[in-house]
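What follows is one structure encoded as structure tokens, with my remarks underneath.
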Amino acid sequence: MSVESKHRFQAISLGFLAGYVNTLGFVALFGLLTALVTGNFVLIGASLVSESSSAVLMKFLAFPAFILGIAAIRILTIWLDTKQQQNLQIQLTVLLQLVLLVAFMVVGLLAAPFGEEPTPMAMICGMLGAAAMGAHSAYTRLLLPHLAPTSMMTGNVTQIVLDLIELILGKGDAATKTRISKSFWPIAAFAVGAIVAGFCYLVAGFWALLVPIGILVWLLRKEHYCNLEAEQS
């Protein structure tokens, strides 16, 4: 697989995962956005005038959980730096996100079915989902800087529109086309993941999280083989 193909595969896989998990959390957990801190602030404001205190609390708790996910990834990468094990950074950060997603699914299965009010188990479930997506955001930003953001699409949409205008006005160049391609794949994958997740949750409930879990297992496997090839060469 060429480097360009590998990067495109990463962008599609991780963008799909982010859209999928974010939508599943929203549908299952009283409108919680596990991957979008800004969106949760908006929802908190709306919830204060229209929902119960427990629904508001769930959205508040998602913020520190998201931060903990980010912090865990950064601490892990720093620790691996001190051990001179940088080659394991991607594998172990993906593994951490995988563990958090599995915990998100298991607690969701135990907490279901949900009533009209979030239970303590539902809140724990939401915090695990937010922590998993905090880990996702940190891992992609720290270790995959060649990708456009895979969980926050506002910046990607802004960039792609700016670049398209440049092309239309004849001011674009090869770098402009590269940026468009870089932004397009995570946007498209995020949108598809968001659509698929809603239907999968209706059919399978929290078992639907096996899809993003499978994606992480596949990415972990690919990274393992890449490391083996690098060691042998």
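What follows is calculated from the coordinates using simple rules that are stated; it is not laboratory data. Being a predicted model, the structure only gives us computed values, none of them experimental. Please note: Cβ atoms are built from the backbone with ideal geometry, for glycine as well, and neighbour counts cover all protein chains shown.
So how many residues does region 177-199 have that are over 15 Å from Leu24 (Cβ atoms) and of a type outside the set (Gly, Ala, Ser)?
Number satisfying all stated conditions: 9.
Among the helices (runs of 4 or more DSSP H) contained in region 112-221, which hold 2 or more residues that are surrounded by 21 or more Cβ atoms within 10 Å (Cβ to Cβ) and among the hydrophobic types (A, V, I, L, M, F, W, C)?
120-143, 174-204
Looking at Ile90, Ile67, Ile78, Ile73, which is the one that is more than 16 Å from Ile213 (Cβ to Cβ), without any contact (Cβ under 8 Å) to a residue 12 or more places away in the chain, in a helix (DSSP H, G or I) and among the β-branched types (Val, Ile, Thr)?
Exactly one residue qualifies, and that residue is Ile78.
Of the residues Val107, Val21, Val102, Val27, which single one is in a helix (DSSP H, G or I), touching a Phe, Trp or Tyr at 6+ places or on another chain (Cβ under 7 Å) and closer than 21 Å to Ala208 by Cα? Give the steps one after another, and end with the answer.
Working: Val107 fails: touching a Phe, Trp or Tyr at 6+ places or on another chain (Cβ under 7 Å); Val21 fails: touching a Phe, Trp or Tyr at 6+ places or on another chain (Cβ under 7 Å); Val102 fails: touching a Phe, Trp or Tyr at 6+ places or on another chain (Cβ under 7 Å).
Every option except Val27 fails the conditions.
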